[in-house]
Structure formats: structure tokens, C-alpha cells
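Structure first, commentary second.
Read-outs: derived from the displayed coordinates by stated rules, not from any lab. Keep in mind the model is a prediction, meaning the values are calculated, not measured. No Cβ is skipped: glycine too gets one built from the backbone with ideal geometry, and neighbour counts run over all protein chains shown.
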Amino acid sequence: MAQPTPLFNRLALIGVGLIGSSIARAARAQGAVREIVATARTAATRRRVAELGLADQVVESNGAAATGADLVIVCAPVGVCGEIAKEIAPQLKRGAIVSDVGSVKTAIVRDMAPHLPPGVHFVPAHPVAGTEHSGPDAGFAELFVGRWCILTPPEGTDAAAVDKLAAFWRMLGANVETMASPEHHDLVLAITSHLPHLIAYTIVGTADELAEVTRSEVLKFSAGGFRDFTRIAASDPTMWRDVFLANKDAVLEMLGTFNEDLSQLTRAIRRGDGEALFEHFARTRAIRRGIVEIGQDSPAPDFGRAHPGLPDAPLPRPYAVSDET
Ligand code: NAP
């Protein structure tokens, strides 16, 4: 099969954790770029990136990574992206595209845009894909396949640069959507991602605060639903601290609505209003079916977990069928 033409000569990845290393793996596998230069905050991560062979060059500073790059993607926690933009600004080549992968967009635009020089195209992006793992070992090339990548280019951004970044994400397997404003992105993500994480962090924290004896039973009987929250609550603390600090207004707005709905359900339980509970649960079940129907999750029950086979021990005496006549 003919090799695809790379979209960019040199891709610089600033931050090579779950998302950065997945981009590196996917861009390589798809031939989306000719060369990858990478860096990370600590020497330990840079060493690991080199050991894994994720980049053609691993360099020691953000400025060195950005030098001569056609596409720079900042894949670091939201809270440090402004500082990184300031560091790389003097090294950026005219015509380069600068992007990011932050889970929040208003704060990214506010913090990064003022540092970027004229002649550089800033196209913020958010791949809506992830796992609860972090670091360069956690990434995989297929992470973005069938997932959405949302672009929020500021008004007046060069359309060709937006199209080129969209083509890059499509090459990595993502569906691309452009949103009119970073504020709109943050409101949508507050309900679809940020609030669910906050609820998971709350439930798991509450269980942890229960008396010692109850806590061990919470863990033991976690398959009753609790363990599905623990996966989300195991997500990276730095990343999520930054998300809630950066998306404060939208999260507080959604939390207000959530608290009202929780009060309604609380009232239904207190009053023994089975009809209200049934109607609510039937509606939410349909939403789950809708997500499966549009291919955003697998139809396999229990999230497709493997279930161990039955024990092959013989049945206990009174039930065993005897050969004896
Ligand atoms: P991660 O696995 O913790 O990786 C973060 C990377 O950023 C590490 O390589 C870290 O280097 C580097 N870094 C931190 N500060 C830096 C600095 N000042 N200069 C250069 N590099 C720096 O995090 P991640 O999950 O990939 O998340 C990265 C971004 O993707 C975040 O903005 C997050 O909001 C967004 N995102 C995450 C997910 C998800 O599910 N995880 C999904 C979509 C978007 P060290 O290892 O040396 O500290």
C-alpha cells in the first residue's frame, strides 16, 4: 500500500504523558509527520520517552522542542500551558501551528494566546479520549480512534491552519468538530466530563471516610456499582485539580442544576414516589442506549469485563449425583 504523505515535517510534543505519548504513537503509525521532537518537565520522563523510542529526538527544554517545528502540541496540565506558551514564543517559526490538548478551553485561550507572536497560528484542541492512567507508558496509538477531537479556533484564525490540524486528528482516527467558542466547549464538557469526575471523587472520598469496618466492606462488595466510580476517581490528581480551577464557572453552574435534580430524587425517595423514580431511571437507561447506538461505547454488558469461569470443584455431597446403584 502507498505510504500517506506526511502532513507536517516536524511535530513538537511538549509533555509526553498519556495524551502526548498516544499522539506520538498514532502519528508514527499513520505516517502523519516526518519527525517527532519531544520534551517533558522532568529528566526521568524524558529518559523514559527516549527508552520507549517515542520520538526521533528528546530535548531538554520546551524552547528547544519548539525550534523549527511546523506543529507544536502542548500536552501538559492546563495550569502550566500559559507558562509554556511564554517559553516557546521566541523559538516559534513563522507559519507554525500551535495547539494543545487541554480539557478546558477558555483558560487555555486566555493563558496561551497573548504570548504567541503574529504569524503563528493558534488552534486550541481537546481530544475527548482518555483513561485513568498517566505517563508515557500509559499511551497507545488507538486512543483517539472513533473519539471526538474538538477545535476552538479564535475568531479570525487562518482557515487553512484549522483544516490542516483537523486533517492531522482525522489521520489519528478521530472525528473532528469545531465549536464556535471556548466558553461553549467548557459548558458542554462541564456536564459530560467534569461533573461526573467530581461526583466520582465525592463518592469514593465519602466511602473512604466511613468507619474502618465499613470501609473494608465497601471494597469487598464494590461490584455493586462503587468500583465503576473508582475507575474515574483514580484519574490524575494534577490534571483534575487544574480542570476544576480553570473551569470554575461552568462547573458551578452545572453543579447548581445537579443539586436541584438530586433534591428531586431525594424527595421522591422520602415520599415513596415509585412512579417518579421509575420514570427517571427509564429515561437515563435510554440515554445509555443512545451512547452505545452512536458508537461511543461498546454494547458488551458490564463494560465488557471478562468474567472468570465457574469453579470446577465437585458439587457438595447432598447435591452430587452418585454413580452408585
Ligand atoms: P500526564 O500523563 O500526567 O502527562 C503530562 C505531561 O506533561 C508529562 O509528560 C509532564 O512531564 C509534562 N509536563 C508537566 N509540566 C510541564 C512543563 N512545565 N513543561 C513541559 N512538560 C510538562 O497527563 P495527560 O493525561 O497526558 O494530560 C495532559 C493534558 O491532556 C492535560 O491538559 C489534560 O487536561 C488533557 N487531557 C487529558 C485526558 C485524560 O484522560 N488524561 C483526556 C483529554 C485531554 P513530567 O512527567 O516530567 O512531569
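Total Lys pairs in the chain closer than 30 Å by alpha-carbon, pairs eight or more apart in sequence or interchain only? Working shown, then result.
Values: LYS86/LYS105; LYS86/LYS164; LYS86/LYS248; LYS93/LYS105; LYS93/LYS164; LYS105/LYS164; LYS105/LYS248.
So the count of such lysine pairs works out to 7.
Using +1 at the Cβ of each Lys and Arg and -1 at the Cβ of each Asp and Glu in the chain, identify which of ILE150, GLY68, LEU189 lies farthest towards the dipole's positive end.
GLY68
If you build a Gaussian network model of the chain, linking Cα atoms that sit under 10 Å apart, which residue out of ILE14, ILE291, ILE232 swings the most?
Maximum among the listed residues: ILE291.
Within segment 90-179, list the GluC sites (Glu not before Pro) lying in a DSSP loop whose Cβ has at most 10 other Cβ atoms in a 10 Å radius. If you can, show how the numbers build up before the last one.
Values: sites: GLU132, GLU142, GLU155, GLU177; in loops: GLU132, GLU142, GLU155.
In loop regions of segment 90-179 (DSSP not H, G, I, E or B), the sparsely surrounded GluC sites (Glu not before Pro) are GLU155.
Under 10 Å, Cα contacts only: if you run a Gaussian network model on the chain, which one of PHE144, PHE168, PHE258 comes out with the highest mean-square fluctuation?
It is PHE258.
Given the rule -39500 (n - 2.57) for each run of at least 4 DSSP H residues, summed and divided by the residues of the chain, what is its mean residue ellipticity at 222 nm, to the nearest 500 deg cm²/dmol? Before the final figure, lay out the partial values.
Working: 13 runs with 150 residues, N = 325.
Helix contribution divided over all residues of the chain: -14000 deg cm²/dmol.
Could you give the semi-axes, largest first, of the ellipsoid that matches the chain, computed as the square roots of 5 times the alpha carbon gyration tensor eigenvalues and rounded to whole Å?
Working: eigenvalues 354, 139, 75 Å².
After scaling each eigenvalue by five and taking roots: 42, 26, 19 Å.
Hand me the trypsin sites (Lys or Arg not before Pro) from segment 59-128 located in a DSSP loop with no more than 15 other Cβ atoms within 10 Å, in residue order please. Each step should come with its number before you reach the end.
Numbers: sites: LYS86, LYS93, ARG94, LYS105, ARG110; in loops: LYS93, ARG94, LYS105.
Counting only loop positions with at most 15 other Cβ atoms within 10 Å, the trypsin sites (Lys or Arg not before Pro) in segment 59-128 are LYS93, ARG94.
So if I place +1 on the C-beta of Lys and Arg and -1 on the C-beta of Asp and Glu, and nothing else carries charge, what would the dipole magnitude of the chain be about its Cα centre? I want it in debye, nearest 20.
Values: 31 positive and 38 negative charges, 113 e Å.
It works out to roughly 540 debye.
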